[in-house]
Each structure stands twice: as structure tokens, then as C-alpha cells.
Amino acid sequence: MKKILAVLLAVLMMLSVCSTGVWAAVEEDKLTEYPVIMVPGYSSSELYRLDENGEVVHVWGDAFGQAMPEVEANLGGIIADAGTFLLAGDVEPIAKRLGEGFQRIFGDMKTNADGSSYYDVKNYINTAEECCYANLQEKYPEGRHQAENEMMTDVFGHVGAENCFVFTCDFRMGAVECAEKLRAFIDDVIEYTGKDKVNILAVSHGGQVSGTYLTLYGHEGKVNNAVLTVPALGGAGIAYDAFNAPKAGFNFGDVALLVFIEHGMMLEEDIHYLVEAGWLGFLDDLAAALVPYVMPVMGTWGSMWDFIPLEYYEDMKSELLDETENAAVIEKSDFMHYQIQSPDGEHYFAKGFREAQQAGTDVYILSGYDIQIVTGMPVSSDAIITTPSSSGATCAPFGKRFADGYTQQVDTGFYQVSPSMTVDASTCYLPEHTWLIEDYHHGMTYKDEYTKSLMYTLLLNEESYDVHSLEQYPQFHATTNVSHSIFATFNSGTEGYLDGEATHLTVTNLSKERDVTILAANVYGSELELSFRPLYLKPGQSGEIAIKGEIPEGSLKNFEISLSYMIESFTLVGERTFNFTLMNGEAAEYDAENPLVDADSAPAIEGVLDEETNAILDKYGAKTIASIIYNIVMTIMNFVYSIIDLFK
């Protein structure tokens, strides 16, 4: 039963980023008048080819609809193979059936050894007129071709659908080729609208394409504002994991997968607390068994090779590409990796972005951090794109942080290390124009009020901004996606940092419908004391937890506060841990010989249980839920003891 549920959850994960949202109002008198081009995420463009009779053959778009006839025709065999898989753990029969089905359905997407398309594949829509959202809404009221419509619907309300356009490309091709098409499309939109510039809103792969365009052609000054959300500038860790699977296999992060689903569906039930460790492990074998069927179709896509992060590129290239047969793929991807993604490249992102800025373009980046790649790579990410790839930041390995006293690599004139001390933003492509959001999951910008509002403020306002401009948008922010239930910050200074002026911790119920009761507050890694009392918070309500005594002295010291709570859902209890950096006096001494330490403090329960009991809780994935209950019980007991002491 668990395996069946796991498969359903994996499917839900793929669908979970489809939801609408409302964002904070932009100042209407400061709105830009330039048209907006959406450069969407990977695989957003529909593709077709003509057969020998000149008939249209649909190649890509509505993957679910394309797959359903295949599923219906082979339903009996699929059920039989699934039974073998679930009962005996044998992945080969179902991998063979699914893999061969994939090749039949999507085989028209294959490319030649040189990276060129095997078939003459085309986009359905190409010109500015065809790609105008107003025209698309009229011609395709069901929503076809209207990529990232959740985001763009909000934009329509301010600039009109007639001033919004979707960029399409053959996403199989490399980023440079797609960027060249974007250059021509921008010229087309400028001619169509009569404006001299455009604004760009880019998502994921669209961020890589837009970043490449700005790097190569930004000096032309045809873009006003460019907002790159979760951009795959330096590649996508998930692509490396897939290409490397035949040798190393997959190592799906069970909790990462489930939390991704929670964020995408904005669930207020913490389902990841209720599963046993490793219960999705079977997905590793199934995914690895599918790779040999997928590679003949996707193995020479230029875009997939551009997704391989620079540090892994040479190994993957030598292992999977032939110097002669794949020479054209190698030449194009070498240019992308060594001229655009590498700091030593002539057209390195940071150089290109600065040239674009000098030409009048405001370039902004929004990236996620402190999330494990869902396929297992131990690098800080947004679950799909690593944080170094999307932002250029320097990050500690996942699960580690920089030691107290760490000094950022580049002196930018202001402090740019995350409250968790896991991210150094001083090395970003654009250190003053990059916002980093903890637990900001890929493709979920509009599921967090902070990122939604920030994105549209940067996109549509005429003013130029940096990370100092807007107090409500600090460079580092912990996500307010409702799946986390609560949010907390001190009442003084910048979010995530504790200075000497703070008097209390403000806790907010993120839910729009459910009451939350804060039942425990535990501080780890600091002598800071909180005068805790239970807080009952209605939806959207905030409460205060006072600081007890003096704030400890010292700076550049990380600590954590875990808040345990009860919520009106079937999971009943939950916990969220917030990272803070103490900034109150002399900096801690940095231990250069031990530059990394564990990112997360050991839960209090570990100190009262023997080794065997701790091992059992870990084995069955019950450590977190046991820790929450323990913290709540201990807080209640301490509260009772304090009352008794008053009457002694």
C-alpha cells in the first residue's frame, strides 16, 4: 500500500506547481509601460512536425493527453507488471513497458548524434502577434500555449493581456540557440507594440535562456526589467543525477520529495513526518531502469547538456559523448560551459549582466536555498536547481554550514551570509540584485506572498531596486508558504539576524483557515532565553514570545529556534525550525581548520534516549514526531514547575 501511495505522491509532485495566486498591489503610478515577455520553464512550448503526407503530427504538449491512449491500450500489461513490481520488487518488467511506451509516444523528439532534430520539428506559434496572450485567449480559450498562466494572469490586470507575450522555442536545443531566437522575438515584440524596450519575466530554463541572451546581447539595451526566478543559469542538478544514474544510480530524497508536494499543494498537513525512512527507496531502482530508454531520445539534446553543472561537465562528457559523432553537441555545450557559465569565460553571466545594467537593464534574480535536490545530490538548492547554479552564490555542502565567525569571500561593503550560515551571497553573479529565499521550492513563486510580491514589484515598477531598497524585502528570507504553518522573526533589525535591540520573537500563523497553538520554543546553539508561554493564534494572527534577560554578546554566530505547535489538521502537531545569526558585538573567532560544521542542531530528545532507542526511531522515521512531542511535554512540565515555584 505504501508503494502505491508513493507512486501517487510522485505524480502529484509533478502536478503540484499548478495553482493560482494573488499578489500584493504594485504602485500604479510607477508602473512601467513596456510590454512583458514570459520566458517560461522547460518543455513549455508545444511542438509539431509534418508527416510524409503533409499532415500535422503533434510531437510535444499535453504529455498526459499524449500518454493516455498508450496507457489505455496496454492497461492490462501495466497492471500485471505493476503487480510484479509491488509484490516482488522487480522493476525490470514495468521499466521496460514504461520505457518502450515513452519511446513510442515521444520518439519524434529524438535528436541526431550532432544534436540536430531527427525530424523537422517546429513551434506552433512564433511571431509576436501569434504569441500575444490576448490573441491566444481569444483563439485558445481553453488555455493552450499560455505558459505560466498563473503568473501572467496577475500581470494582465496591470498591463493588459494585449501587452503580454509568451516566448516559444525548441527547448531541446542549447541555451545559446534559444537565446538567439529570443533576441529576434524581442525585436518582433518591439516592432509589434511600437515600444523601444520590453520587460522579461523568466522561469527556470527560461532563466537560463534569458540569462544567456542578456550575457550575449544585453548591451543592446532592449530590455528594461529582467526578473529571473529560480533560473537554471549554471545548470540543473537533477539533470546531472539523471545522466549519472547508469553509473551511480538514483538516490531520491524521500523527505525532499514529500516536502516538495506539500509546498506545491500548499498542504498544512505535515505528511513527511508520518512516513518511515526510506519508504520511497524503490523509486531509485525504477528511475535508474528507465534511463536507458530515455537516453536514446534525450541523450543529445543540447539543453540537457547545458543543464549539466560545470563541475561535473567534463566527466559526463567523456563518459557519454563521442568526440567524433557528437562533435557538434560538444562544441556548442563547451561554449556554454566555458564561455558563459565559467567565471573565466569571455561572456560569463556576471560580466554580461553588468554590461546589460550599463545599457539600462535592471537584472534581478530570485533563488531558493537549503533544500536537498529531490534526486539526491547533496547540494543546497530549490529541489531542482542548485543554489550556486541559480545565483552564483557559494554554499556549504547540504547538511553543513560555515563555522561561526565565517567571513564572506568578497568584501561587498555589507554582510551577505545567510542567517543559516549556509550561503555566501557575496560571490553571486549580481550580489546586490539577488534575493535568496530559504525553502523556496522550484516553480512555486506564486505560492509565497513574499516572492510573489517581490517578483512583480521588480518586474513592473519603473524604479530600479537593489537588496537595500525595500525594507520589506530583505536579501535573505524564510519562505511563508502556508505548508510551514508558522513564521517567526525578531522585532528589531533585519529578518534572520538578532541584534541587541530586540525584545521579543514575533510568531505568525500563516494559515488562512486553521488555528495554531504554539506549545514549545527551544533554542539551540545559543544562551538566549525566551520567556515562553503558549500562544493561541487565529489565522493570520501574530503573537509575541519575550526575550528573557540579556541578549548574548557576539556576532557571526548561528543559532536555531524550534517552535512546536498544534494545528487543526489530521497531523495535529508540527514543528518549524528557524535559523538566526547573532549580530551583537565582537565577531566569533573563526576556526579555519574546521571551516564546516553540522547545519542542524541535534534535537533535545537525543540527549535523553539511549543509542539503541535513537537508532530505532531513525530506522522507522519517527525521530521528528517523537522530538516534537517530547519538546511539548517538557515545555508544559517546566511551565507547571514554574507555577509551583511561585507558591513555595
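The values are calculated or read from the model by the stated rules, or taken from the named source; none is laboratory data. Owing to the predicted nature of the structure, the values given are computational and were not obtained by experimental measurement. Reconstructed Cβ throughout: ideal geometry from the backbone, glycine too, with neighbour counts over all protein chains shown. Note: accessible area is taken over every heavy atom of the protein model, side chains too, but ligands, DNA and RNA are not part of it. Shrake-Rupley method; radii C 1.70, N 1.55, O 1.52, S 1.80 Å.
Quick notes on this structure:
- In this simple spin-label model, placing a label point 7 Å from the Cα along the Cα-to-Cβ direction at both ASP515 and GLN66 gives a separation of 5.1 nm.
- Probe 1.4 Å, protein heavy atoms only - accessible area per residue of region 448-531 in square angstrom: 35
- Taking label positions 7 Å along the Cα-Cβ direction at both TYR192 and GLU52, the computed distance is 3.7 nm, reported to one decimal.
- Positive dipole terminus of region 319-375, leading residue within GLN372, PHE335, GLN358 (C-beta point charges): GLN358
- Computed over region 178-226, Cα set: Rg, Dmax in Å: 10.0, 29
- In the context of the full set of protein chains, region 61-187 has a per residue accessible area of 46 Å² (1.4 Å probe).
- Set the Cα radius of gyration of region 494-593 against 2.2 N^0.38 Å, with N its number of residues, and you get 1.20.
- Estimated inter-spin distance, GLU138 and THR324, nm [label 7 Å along Cα→Cβ]: 5.7
- Relative contact order computed over region 365-427 (Cα-Cα under 8 Å; 6+ residues apart), in percent: 26
- Scattering from region 293-396 was approximated by placing one identical point on each alpha carbon and applying the Debye formula without solvent; log10 I(q)/I(0) at 0.10, 0.15, 0.21 1/Å stands at -0.35, -0.76, -1.20.
- Volume per residue of the convex hull around the Cα atoms, evaluated for region 404-511, comes out as 127 Å³.
- Of LYS110/LYS317; LYS197/LYS452; LYS30/LYS195; LYS122/LYS197; LYS452/LYS557, those spanning more than 21 Å from alpha-carbon to alpha-carbon: LYS197/LYS452; LYS122/LYS197; LYS452/LYS557
- Net length available on complete extension from GLU527 to GLU162 is 125.6 nm, with 0.36 nm assigned per residue and the Cα-Cα distance removed.
- Extended-chain gain in nm, criterion 0.36 nm per residue less alpha-carbon gap, LYS96 and ALA546: 156.0 nm
- Restricting region 507-557 to GluC sites (Glu not before Pro) that sit in a DSSP loop and have at most 14 other Cβ atoms within 10 Å of their own Cβ leaves GLU513, GLU527, GLU550, GLU553.
- Estimated from the Cβ-Cβ distance and a Förster radius of 35 angstrom, the FRET efficiency linking TYR536 and GLU589 is about 0.25.
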